[in-house]
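The values are calculated or read from the model by the stated rules, or taken from the named source; none is laboratory data. In this text the structure is predicted, and so the values were computed from the model without any measurement. Positions of Cβ are generated from backbone atoms using ideal geometry, with glycine treated the same way; all protein chains shown enter the neighbour counts. Accessible surface areas use protein heavy atoms only, side chains included; no ligands, DNA or RNA. Shrake-Rupley method; radii C 1.70, N 1.55, O 1.52, S 1.80 Å.
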Amino acid sequence: MDPFPKEGEGAAAGEPSRGAAPSSGVVVQVREKKGPLRAAIPYMPFPVAVICLFLNTFVPGLGTFVSAFTVLCGARTDLPDRHKCCVFWLNIAAALIQILTAIVMVGWIMSIFWGMDMVILASKY
């Protein structure tokens, strides 16, 4: 059985195939919508982000707790409309969630992913 249809089979003559994309020149932009906790992750210098990832890996929530203080030191976040103190407390809340749920491994995994997000944001910084 031939996987490709022969001429005249499957599609009418002169009709473009359905798999081919038309070249109309349309540019599509995709933006990730972040929740308030995730948008509060600060853009830190790369070495600081790596240290926070290391801390989050071995003591869940500790790196997130440290990153909260970088907000007070001037690190920017994806929440420009909120005051620094509000973003600081959002990071403290994320650290507490990670610490309290680490008992059932959810917080530990969340903490590691949080640290990886810090490093990814720092590489863009």
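Highest mean first, what order results for 30-42, 107-119 on Cβ atoms within 10 Å?
Ranking the peptides 30-42, 107-119 by packing returns 107-119, 30-42.
If you stretched the chain out fully between Ala93 and Val50, how much longer would it get, using 0.36 nm times the residue separation minus the C-alpha to C-alpha distance?
Stretched fully, the Ala93-Val50 segment lengthens by 13.4 nm.
Just report the Cα centroid separation between the stretch 26-56 and the stretch 62-79, whole Å.
That distance is 11 Å.
Quick check: net charge around Thr64, other residues with Cβ under 13 Å of its Cβ, Lys/Arg +1 and Asp/Glu -1?
0
At 1.4 Å probe radius, can you tell me the per residue accessible area of the stretch 43-124 in Å²?
56 Å²
Measuring from a point 7 Å past the Cα of Leu72 along Cα-to-C-beta, which residues in the stretch 25-65 have an amide N at less than 14 Å?
Hits in the stretch 25-65 for Leu72 at 14 Å: 65.
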